[in-house]
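K.L.:
Here it is, the structure, as structure tokens.
The values are calculated or read from the model by the stated rules, or taken from the named source; none is laboratory data. Just so it is clear, the model here is predicted, and its values are computed rather than measured. Ideal geometry is used to build each Cβ from the backbone, glycine not excepted, and the neighbour counts take in all protein chains shown. These area figures cover heavy atoms from the full protein model, side chains too; ligands, DNA and RNA do not enter into them. Shrake-Rupley method; radii C 1.70, N 1.55, O 1.52, S 1.80 Å.
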Amino acid sequence: MTENKNQIVARAKDCLIREAKAVMALEERIDDNFLRAVEMIRACKGKVVVTGVGKSGHIGSKIAATLASIGTQAFFLNPLDAYHGDLGMLGTNDIVLAISYSGATEELLRFLPLIQAKGITIIGMSSNPDSLLARYAQIHLDISVEHEADPLNLIPTASTTATLALGDAIACALVEAKHFQPTEFAALHPGGDLGRKLLAKVEDVMFTENLPFLTPDMPMSQTIGIVTKGTLGIGIVTQDDKLLGIITDGDIRRAMLRLGQTFFDTKVSEIMSVTPKVIRKSAKIVEAGEMMNHHSIHTLIVVDDMTNDKCQMSNNHVVGVIDSFSCLPGTRFYH
């Protein structure tokens, strides 16, 4: 029994190794044909219709879904359904991405002349550059593998993994070619947690209660208690409802080392930074995260509005604080 278990584990590991090798072999096939296919899809004025039969169809459905998730109009069409009215979904501005590992799947090949008759561009994915599918296609992408991952070399395993990986490579290349942005992704994924985070505004997650407000003439002996109680690691310096500066835990520690016994009588105005980074409450959370990453800080002061584009000093009303934890996908909303 133990020997059998060892064989099972060895077979499973061998499967993963074979599939990994099949994917790695695709790297050398990111060539001019691949670039032409990506550019063709990027410039497509219609829809990208992915088609295939059996396991290739299942992989094709996922590829279509991935393309749609990055803003490419894409859907999957079963060749069998095309014979019964769904051919009407295709237009002359569309592109068909046809998948068949052998390049000789009968149901698919019967479908291709109908596509060709409409003058629709075909991108083929198969293991055989001399297959009939490759001949029908304007561009052919090689998805061949040396060996399937199963011991019989029969079950679509490494080949379907390679096909899916090449589809993902197309999608990733399109993200770069289209300069696709996180906010665009969020607009297409409003139901997911990541989408909610990317679409949510700073005012949705900012801290608004018990903010650690300080005045410029407040002694540091009083300041330490307010900053500690605030639990944000900062103190917000205001006067007449206007933002003047900020004091951080680091500022306090450095001042204590520098000033010694005189530290506790020192005024806030002598230690504070007068160039706090601020963000408007209507900004997206992703903007706040990018700003904190850029400046290597963990908090931003939130204001009603801003008077300049550099997110520097503002005379506007402070309404909250946002920290880097609030900007992470999966973080719960505070309100």
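K.L.:
Using only Cα atoms, find the angle between the long axis of helix 106-117 and the longest principal axis of the chain, and express it within 0 to 90 degrees, rounded to the nearest 10.
P.N.:
80 degrees
K.L.:
Please compute the modelled spin-label separation between K21 and S324, points set 7 Å along Cα→Cβ, answer in nm with one decimal.
P.N.:
4.2 nm
K.L.:
What residues from region 38-63 fall in the zone where the backbone N is under 13 Å from a label point 7 Å along the Cα-to-C-beta line of N93?
P.N.:
Of the residues in region 38-63, 43-48 have backbone N under 13 Å from the label point off N93.
K.L.:
Moving on to the next point. On full extension of the chain, what length is gained from L259 through Q116, given 0.36 nm per residue of separation minus the C-alpha to C-alpha distance? Don't skip to the end; give the middle numbers.
P.N.:
Values: separation 143, 0.36 × 143 = 51.48 nm, distance 8.13 nm.
Taking L259 through Q116 to full extension adds about 43.3 nm, to one decimal.
K.L.:
Give me the extension gain from I155 to K201: residue separation times 0.36 nm, minus the current Cα-Cα distance, reported in nm with one decimal. Don't jump to the answer; show the numbers that get you there.
P.N.:
Working: separation 46, 0.36 × 46 = 16.56 nm, distance 4.84 nm.
So the extension gain works out to 11.7 nm.
K.L.:
How big is the dipole moment of region 198-260 about its Cα centre under a simple scheme where the beta carbon of each Lys and Arg is +1, that of each Asp and Glu is -1, and everything else is neutral? Debye, nearest 20, please.
P.N.:
On the way: 6 positive and 8 negative charges, 69 e Å.
It works out to roughly 340 debye.
K.L.:
Just need the relative contact order of the chain here, percent rounded to a whole number, with Cα pairs under 8 Å and 6+ apart.
P.N.:
Working: 591 pairs, mean separation 45.5, N = 335.
Once divided by the residue count of the chain, the mean separation gives 14 percent.
K.L.:
Here's a follow-up. Helix-derived [θ] at 222 nm for the chain: sum -39500 (n - 2.57) over DSSP H runs of at least 4, divide by residue count, nearest 500?
P.N.:
Working: 13 runs with 141 residues, N = 335.
Helices in the chain give a 222 nm mean residue ellipticity of -12500 deg cm²/dmol.
K.L.:
So how do F76, F111, F213 rank on accessible area, 1.4 Å probe, biggest first, that is with the largest at the start? Walk me through the numbers on the way to the answer.
P.N.:
On the way: F76 65, F111 0, F213 85 Å².
Output order, biggest surface exposure first: F213, F76, F111.
K.L.:
At a 10 angstrom cut-off on C-beta neighbours, averaged per residue, how do the peptides 149-155, 224-230 rank from highest to lowest? Walk me through the numbers on the way to the answer.
P.N.:
On the way: 149-155: 13.0, 224-230: 15.4.
Result, highest mean first: 224-230, 149-155.
K.L.:
Another question about this same structure. Set the Förster radius R0 to 22 Å, insert the Cβ-Cβ distance between I30 and S296 as r into 1/(1 + (r/R0)^6), and round the FRET efficiency to 0.05. List each step's numbers first, then the result.
P.N.:
Numbers: r = 35 Å, r/R0 = 1.58.
Efficiency at R0 = 22 Å is approximately 0.05.
K.L.:
Another one. Set the Förster radius R0 to 45 Å, insert the Cβ-Cβ distance between D304 and M40 as r into 1/(1 + (r/R0)^6), and round the FRET efficiency to 0.05. Write out the running numbers ahead of the final one.
P.N.:
Details: r = 48 Å, r/R0 = 1.06.
About 0.40, to the nearest 0.05.
K.L.:
Using the charge dipole of the chain (Lys, Arg: +1 at Cβ; Asp, Glu: -1 at Cβ; taken about the Cα centre), state which of A165, I115, T208 has its Cα farthest towards the positive end.
P.N.:
Comparing the listed Cα positions along the dipole, T208 ranks first.
K.L.:
Mind jotting down the distance between the C-alpha centroids of region 111-131 and region 137-164, whole Å?
P.N.:
Centre-to-centre (Cα) distance: 18 Å.
K.L.:
Using only the alpha-carbon atoms, how far is helix 285-295 inclined from the longest principal axis of the chain? Give it as 0 to 90 degrees, nearest 10.
P.N.:
The angle comes out at about 70 degrees.
K.L.:
Right, next: Where nothing but the Cβ of Lys and Arg (+1) and of Asp and Glu (-1) is charged, how large is the charge dipole of the chain around its Cα centre, in debye to the nearest 20?
P.N.:
Charge dipole, the chain, about its Cα centre: 180 debye, nearest 20.
K.L.:
With both bridge residues required to lie in the chain, what share of the DSSP beta bridges run antiparallel, to the nearest 5%?
P.N.:
On the way: 15 of 37 bridges.
Looking only at bridges with both residues in the chain, the antiparallel portion is about 40 percent.
K.L.:
Could you please put E146, E209 in sequence from largest to smallest accessible area, using a 1.4 Å probe?
P.N.:
On the way: E146 190, E209 135 Å².
In descending accessible area the options line up as E146, E209.
K.L.:
Further, regarding this structure: Amide H to amide H under 5 Å from I139: which residues, 5+ apart in sequence or cross-chain, H placed 1.01 Å off N in plane?
P.N.:
I122, G124
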